[in-house]
Each structure stands twice: as structure tokens, then as C-alpha cells.
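The block underneath contains the structure these notes are about, expressed in C-alpha cells.
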Amino acid sequence: MEPREDGTLHLQEPAGGGCGAIIGKSCVASPCRWLRRLYRELHWSFVLSVVAVYGACQGVGNSVGGVAAGYYWKDVQRVQPSAAQFYQGVTDAPWVVKPLWGLLTDVIPVAGYRCRPYFVLAGVIGVSSMLMLSLHHGLGIMPALLALTAQSAGAAVADVTVDALVAQNSITHPLLASDMQSLCGFSSSLGALLGFSISGLLVHSIGSQGALGLLSIPSALVLSAGILLKENRAAEFDYKQVHKKFYKAIQCMGTTLKCPEVWRPCVYMFLSHNLSLDIQGGMFYWYTDPVVGPGFSEGSIGLIYAIGSVGSLLGVLLYQSALKDYPFRSILLWGQVLSSLAGMLDLVLVTRLNLKIGIPDYFFAMIDNSISQMVGRLKWLPLLVLCSKLCSPGIEGTFYALLMSLQNAGLLMSAWWGGLLLHMLDVTRMEFSNLWIAVLIRNVSRLVPLTLLFLVPQSDQNSTLLPAEMLQDDDYTETVKAGSVEFSVLVQDGSGFISPNIVAEDQQSKMFDAENDDVESIPLVNKGGPTFDS
């Protein structure tokens, strides 16, 4: 993204040609054919795992859990907004140590399986912690915080496991990287739409603790996905060599991080989240205040967030159909700018300017959330594609988890900075006179990451980012053969890593066959983009 001489900024033209756009429109117009294509390319069990983790656990689970936890801290534990913001950061802490879970999935198979046991473990942790929280009344702050943190840890383990599969398939099917992220985003947004639609009704009918107890159901679905997952079993694994594999994986991670093409985007991802303050705790308390705020009920809150999830879903479809071929730097620049502008809607709502122009709070809040979630999704998806492009084969689970943990650490710091800001401005359970200042500071902070965009590669989202010498290094190849490949999962029968020649021939064959077929049968890849040599 470069400024024009007149001072205005414009998106660069996408690197991919028109074929990618046709494919994107095809998948939007015919989702059933799109899913069938992904089934054939990536195996149905991979799609099932993505839907279970992103759709059920993160989509439905996070939406219901977010609303229920907000009411739990406000009405049951009766803490201040800044404290609730801090506790939310604590419960998100397991997402910061995702590389640890990634190392486990990459290095240590259980009973010969690399992913299935970790899905099962994640499900068991989630089910037990949420049942304990819901069935034990009168819990103190610390036990409740421990239970919510345990549930978050289970979700993080499941997320790392499925992310390892996404990263691996991004290597074996490089041209499907953006389509896989679209599947993840679509599942998450659809699940969030469902979860937010019922969250308010659940909290109203069975209370916040009862609603949190129902989060055991998404965790049970993750457990089921682990049982049903198709995975090749590794034979005769020598557990005495685990420490060597740990050392080798950490060594490869260090080597990869030293690469400028890797550490520069990592710095941007961490700082861009860290510098964008999160004051959602204060906004939630204001939403539900009947005196100063609009006084939304539980059902109204759920419906507002549900409509917002429609905006998130539209963001996924917009990205998949029109934006996945734009350069990273361009799409991220406009994402930050639009995020700051969308935040101004909160300022209008808090200062009640919407009432002065005749727009009711409820209707304006739905518009606000829809636009904010759509812009947030458009910011998030390119970062996920960027992370998948920075992963080296053999340590993809660990390194993808490391990249995601950097972003989660930034989000955690953002929540804590936001809580500190609310405390400094004396925003409490009953006092919101300075909330508009917090909103304004947050919106300005979202523009600060624009100064760091030079750290992001200028290449398009279908390009190879890792240098060729890193991918062809002998030590690196040895690590892949000795480490991850012997536990490889989820690609097609008898799969290991697929050579780039086979991938190229397969894509050429599909392009030839597509000439005699209709548009909806074209593989979900952008033929105009460069290939990813593995």
C-alpha cells in the first residue's frame, strides 16, 4: 500500500487473475459444491475437525461463554469492569502458551497417534471444568477463575491441534491455504451466529452459571471429533528420543525465527494487537446499565451480538470472493483504518448522538456490532493466511502455535491495557461519564499499527514467503523425515508429504479438466497465483 500523490490511499490490484475471483464467487454461490471439493481435496475428517473446533467449540462456545461470563462476573461475582477485564485476560492465558501444546502434538504421539489423543484430552478438560462451575454454587472468585481458565486451556489445545492440520495441509495443498482459512472463518462465524442467537435466552432462563455449564456440549463434540478422526498410526515410536526431538524442533523454530521474512511479520502481529486497546468490559457494563446506558436485557444482548455475527459471516464471504488475492500490506492497512472508523460508531452510541438523529439504541447497536465484526474478520483472516505461510514443514503445529500465541499475547496485553485505561478514567459499575474518552483513545490507538506496516511483506497471499534455501536445507529435511512426517495425518490415504511436482501435475490436470466443465466444478484454488514449493 503506497500513498498516492493526492494523499489518498488505494488498494493495489490483486496479484491473482480473474480465475481466483470466479472461484471465490463459485464457492459463495454454491457452498455445498465448495464443501464437497474440500472433502475430496483434504479428506472429510479434516473438515469435520474444523467444524467441531471452530464451529462448535470456538463459534458457539465462545459466543455463549462470552455473554454468560460477562453476566457471571457482573451479577454473580459482582466485580468492577476493570477487574472483569483483567480476569478475562487471565482466562485467555492458556492461548499464550500455545507453542507448548504445539510441541506436544508435533513431537509426542500417544499410543501412536499424534492428534486424536489431544482432541480427546481437550474435550475432557472442557467438559469437566464447565460442569464443575455450573453445578457448584457459591464458588469464590479464584475457583471460578480456575475453572474458566481450564476450559480455555482445553479450547486452546483443540485449536492448536486443528491448526497443525491446517498448516500441514497448507504445505501439501499450498493453493488451498486461503480456502482453508475461509472454511475456519465460515465455521466460526456461523457458530457464533447460532451461539449469540441463543446466549441471551439461555442466560435469562437458566442463569449465567447454567449457560456456562452448557459449554460442556461443544467440548463433548471436540472429544467426538478426536474419536472419529482418521489418522495414520505411527509404529514403534521410541519415547527415549523425545528429548532429542524436542531439542530439534526448538532448534528449527529458532532457525526459522532468525529469518527476516519471518521475524518482521511476527513483530508486526504482536505490536498491532498490543497497541489496539480493548475496552469491551466497560462497553458491556454500559450496555446493560438501565440508568446511564441503554439497559439492554439478556435477550437483547444476545440478539445484538447475533446480528453482529452476520457481519462477521459477510466478512468471510467478502474476503473469500474478492479480497484473498490482494497483497498483505494493502489489506492490513485498510483493515486498520476501517477498524478505527468502525470504532467511532461506539463513540456515537456512548455519547447518545444516535438518539439526536432519531436512531434507537437497539437498532444502532446492531449496526455497530455488525460493521465492527465484519471489519474484524477482514483484519483477522489475512493474518491467519500469513501465519500459515510462515510455517516450516515438520514443525508446522509448533510454529503455527507460536505465531498464534504471539497474537494472543498481544490481545491479552490489549485487554489489560484497556482495563488499566478504564480504571484510570474511573469507569465503574455505576459511573460511565468518562467512557467516551476511553472509546476515543481506543479508536486512535487502532491507527498506531499503520506505522509498522513496513514489517509486513508486500507479496500477495498466494506467494511463498519462506526463502528457498530454508525449505531445501538438509537438516531441515532430516527433521521433517524424522519428526512430523512419521505421524502425518489427515491427508489422503497413504499420505505423507506430497512432492511439489505431484502437486503441480495435479493442479495442471484439474485446470485441463475444468475447461470442459462448468465454473462450479473448478478447484478452489487461485490458478493465477504462484505455487508454494515444499
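The values are calculated or read from the model by the stated rules, or taken from the named source; none is laboratory data. These numbers were taken from a predicted model, which means no experiment stands behind them. Note that each Cβ is placed from the backbone with ideal geometry, even for glycine, and that neighbours are counted across all protein chains shown. Note: areas computed on protein heavy atoms with side chains; ligands, DNA, RNA excluded. Shrake-Rupley method; radii C 1.70, N 1.55, O 1.52, S 1.80 Å.
A few comments on the model shown:
- Annotation: residue 206 carries an accessible surface of approximately 80 Å², with a 1.4 Å probe and no ligand, DNA or RNA atoms counted.
- Counting Cα-Cα pairs of region 41-155 in 5 Å increments starting at 0 gives whole-percent bin shares of 2, 10, 18, 22, 19, 12, 8, 5, 3, 1, 0.
- Within region 115-155, the proportion of C-alpha pairs whose separation exceeds 16 Å stands at 33%.
- With a cut-off of 12 Å between beta carbons, the residues surrounding residue 425 carry a summed charge of -1, where Lys and Arg count +1 and Asp and Glu -1.
- J(HN,Hα) series, region 333-347, from Karplus relation 6.51 cos²θ - 1.76 cosθ + 1.60, nearest Hz, glycine and proline x: 4, 5, x, 5, 5, 5, 5, 5, 5, 5, x, 5, 5, 4, 5
- Area accessible to solvent at residue 278, 1.4 Å probe radius, in Å²: 50 Å²
- Cα gyration tensor, region 310-432 - rounded (a/c under 1.5), prolate or oblate: oblate
- Largest-first ordering by accessible area, 1.4 Å probe, given options 212, 420: 420, 212
- Residue 307 contributes about 60 Å² of solvent-accessible surface, heavy atoms of the protein only, 1.4 Å probe.
- Whole-percent pair-distance distribution, where bins are 10 Å wide, for the alpha carbons of region 281-334: 21, 31, 22, 22, 5
- Projecting the Cα atoms of 363, 411, 386 onto the charge dipole of region 351-462, computed from C-beta unit charges around the Cα centre, puts 363 farthest toward the positive end.
- Normalised per residue, the accessible area of region 228-378 is 43 Å², obtained with a 1.4 Å probe and no contribution from ligands, DNA or RNA.
- Positive contributions from Lys and Arg (+1) and negative ones from Asp and Glu (-1), summed over other residues with Cβ under 11 Å from the Cβ of residue 411, come out at -2.
- Entries in 245/379; 74/98; 245/389 that, when Cα-Cα distance is taken, lie over 32 Å: 245/379
- Cα-Cα pairs of region 95-223 separated by more than 27 Å (percent): 27 percent
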